[in-house]
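In what follows, a structure is listed as structure tokens, so that the remarks can point back to it.
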Amino acid sequence: MSTPSILILPGDGIGPEVMAEVRKIIDWYGAKRDLGFDVSEDLVGGAAYDKHGVPLADETMEKAQQVDAVLLGAVGGPKYDDLDFSVKPERGLLRLRKEMDLFSNLRPAQCFDALADFSSLKKDVVAGLDIMIVRELTSGIYFGEPRGIIEEGNERVGINTQRYTESEIARVARSAFELARRRGNKVCSMEKANVMESGILWRDVVTEVHQAEYSDVELSHMYADAGAMQLCRWPKQFDVIVTDNLFGDLLSDAAAMLTGSLGMLPSASLGAPMANGRPKALYEPVHGSAPDIAGEGKANPIACILSFAMALRYSFDQGAEADRLEEAVEKVLADGVRTADLLGEEGVDPVSTSQMGDAVIAALDASI
Ligand code: NAI
Ligand code: MG
């Protein structure tokens with residue numbers, strides 16, 4: 001197979017700072033594991049607007065469609081707050097998701113033992129937690145028609161429509177079952193079939209896909225509100241959770257926060273398989289461009305580094321190397337290395353963004 005290709009879009013604010021650390025790690029894999037990548041870099045968000053007057057140039061969009069994986073830092077910042085909606089930095093990211101048709105959004109909630117004290121939950125509730133929320137990303141109530149604000153009688157009415165086709169549900173369900181087979185082999189599907197017809201269809205289609213193609217995976221169903229309660233009560237009961245766009249937005253944010261800091265959270269957005277069998281894929285940290293600390297070398301690069309670990313696993317079939325990278329991060333944290341956002345204890349001096357990256361590299365070196 002030809003050398004796997006990656007398009008790096010560092011973006012704005014701390015995006016370029018955290019991506020510089022990922023670059024080091026990509027280079028490490030080339031030098032030390034004989035795992036070379038064909039890496040190109042381009043602009044997105046405010047950085048693209050400054051150069052091209054649009055938050056994502058057409059050439060960049062085309063490149064994104066051709067590579068095996070896109071890695072994105074973050075977009076946005078106060079400098080761009082007054083721009084017209086159509087050219088806001090976020091539109092660059094939305095265009096990527098839409099045109100690549102990235103319907104399956106993977107949001108892990110994973111608790112590193114060294115950070116278990118950081119959680120707002122009791123340590124034994126979160127220690128060792130490793131669950132994955134799969135959120136449908138391209139349909140549902142954020143996109144359904146009719147929508148808008150209309151006049152009715154003498155008042156205004158706000159309208160949004162939850163709409164899911166069978167094929168939209170089936171494809172995200174498949175993505176969740178495939179993931180479960182590589183993890184704990186359990187899927188819990190969440191909707192509100194008790195009050196929403198779209199929820200009834202969701203439950204039916206997930207069940208049909210399960211029976212026809214994935215009966216080896218354990219499937220359960222939960223109403224999304226009960227699921228939210230269970231996530232706070234005993235999250236370790238779950239392995240993979242699959243849910244729609246709206247519930248997934250809320251549940252994935254809540255689940256992620258069980259484990260502590262925004263600077264630690266990776267994500268992947270996957271689409272349909274390309275000709276080479278790899279899915280269209282965009283990997284990015286959950287956090288934004290953090291203008292309050294940008295340029296100061298304080299940002300935690302781990303969310304972005306763990307996003308690359310997801311790329312190794314889901315785009316490049318390098319599960320063992322993804323484990324290696326995650327274990328390196330775990331070791332660095334266990335050794336007490338902390339960026340400023342992870343400081344709890346007194347008397348620990350924070351390391352810089354690049355020192356954290358170097359510590360991960362040292363742990364990688366020690367692993368071979
Ligand atoms: P944010 O995630 O950028 O920052 C929230 C808080 O967390 C800040 O105090 C920040 O310093 C801290 N933080 C975030 N990432 C960190 C890291 N890696 N290390 C250490 N501390 C970190 O969210 P905020 O402030 O609401 O938005 C800032 C800008 O980012 C806005 O322009 C927003 O539109 C954009 N944004 C972009 C996203 C993306 O590119 N996917 C997602 C969320 C926001
Ligand atoms: Mg959200």
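Would you check if Ser198 is under 23 Å from Asp101 (Cβ atoms) and at pLDDT below 95? Answer is no for this residue.
Looking only at residues in the stretch 57-79 that are within 22 Å of Ala272 (Cα to Cα) and aliphatic (A, V, I, L, M), the one that is nearest to ligand 1 (Cβ to nearest atom) is Leu72. Specify the residue that is nearest to Ala281 (Cα to Cα); the eligible residues are those in the stretch 146-171 that are surrounded by 11 or more Cβ atoms within 10 Å (Cβ to Cβ) and among the acidic types (Asp, Glu). Per the stated criteria, the residue is Glu168. Does the stretch 102-111 contain any residue that is touching a helix residue (DSSP H, G or I) at 6+ places or on another chain (Cβ under 9 Å), within 13 Å of ligand 1 (Cβ to nearest atom) and under 19 Å from Val18 (Cβ atoms)? Yes, the stretch 102-111 contains at least one residue that is touching a helix residue (DSSP H, G or I) at 6+ places or on another chain (Cβ under 9 Å), within 13 Å of ligand 1 (Cβ to nearest atom) and under 19 Å from Val18 (Cβ atoms). The residues listed here are Gln355, Gln318; of these, the one that is among the polar types (S, T, N, Q), surrounded by fewer than 16 Cβ atoms within 10 Å (Cβ to Cβ) and on the phi < 0 side of the Ramachandran plot is Gln355. Would a scan of the stretch 192-206 turn up a residue that is touching a Leu at 6+ places or on another chain (Cβ under 8 Å) and within 16 Å of ligand 2 (Cβ to nearest atom)? No - not one qualifying residue is present in the stretch 192-206. Do you know which residues across the stretch 284-312 are free of Cβ contacts under 8 Å to residues at least 24 places away in the same chain and within 16 Å of ligand 2 (Cβ to nearest atom)? Of everything in the stretch 284-312, nothing turns out to be free of Cβ contacts under 8 Å to residues at least 24 places away in the same chain and within 16 Å of ligand 2 (Cβ to nearest atom).
Do you know which residues across the stretch 266-286 are within 12 Å of ligand 1 (Cβ to nearest atom) and crowded, with 24+ Cβ neighbours inside 10 Å? Explain how you work it out, then say what you get.
To start, the set of residues in the stretch 266-286 that are within 12 Å of ligand 1 (Cβ to nearest atom) comprises 266-267, 269, 282-286.
Within the stretch 266-286, Pro266, Ser269, Leu282, Tyr283, Glu284, Pro285 meet the criteria.
Could you count how many residues in the stretch 234-263 are surrounded by fewer than 19 Cβ atoms within 10 Å (Cβ to Cβ), within 13 Å of ligand 2 (Cβ to nearest atom) and under 18 Å from Phe112 (Cβ atoms)? Counting residues in the stretch 234-263 that are surrounded by fewer than 19 Cβ atoms within 10 Å (Cβ to Cβ), within 13 Å of ligand 2 (Cβ to nearest atom) and under 18 Å from Phe112 (Cβ atoms) gives 2.
Regarding Phe308, is this residue in contact with a Phe, Trp or Tyr (Cβ under 7 Å, 6 or more places away or on another chain) and either crowded, with 19+ Cβ neighbours inside 10 Å or more than 28 Å from Glu191 (Cα to Cα) (or both)?
Details: in contact with a Phe, Trp or Tyr (Cβ under 7 Å, 6 or more places away or on another chain): yes; either crowded, with 19+ Cβ neighbours inside 10 Å or more than 28 Å from Glu191 (Cα to Cα) (or both): yes.
When the stated conditions are applied, Phe308 passes them.
The requirement of being in contact with a helix residue (DSSP H, G or I) (Cβ under 9 Å, 6 or more places away or on another chain), among the β-branched types (Val, Ile, Thr) and within 16 Å of ligand 2 (Cβ to nearest atom) is satisfied by Val75. For the stretch 328-352, filtering for residues that are surrounded by fewer than 20 Cβ atoms within 10 Å (Cβ to Cβ), basic (Lys, Arg) and in contact with a Gly (Cβ under 9 Å, 6 or more places away or on another chain) leaves 0.
The values are calculated or read from the model by the stated rules, or taken from the named source; none is laboratory data. From a predicted model like this one, the values you see are computed outputs, not experimental measurements. Glycine gets a Cβ as well: all are built from the backbone with ideal geometry, and neighbour counts include every protein chain shown.
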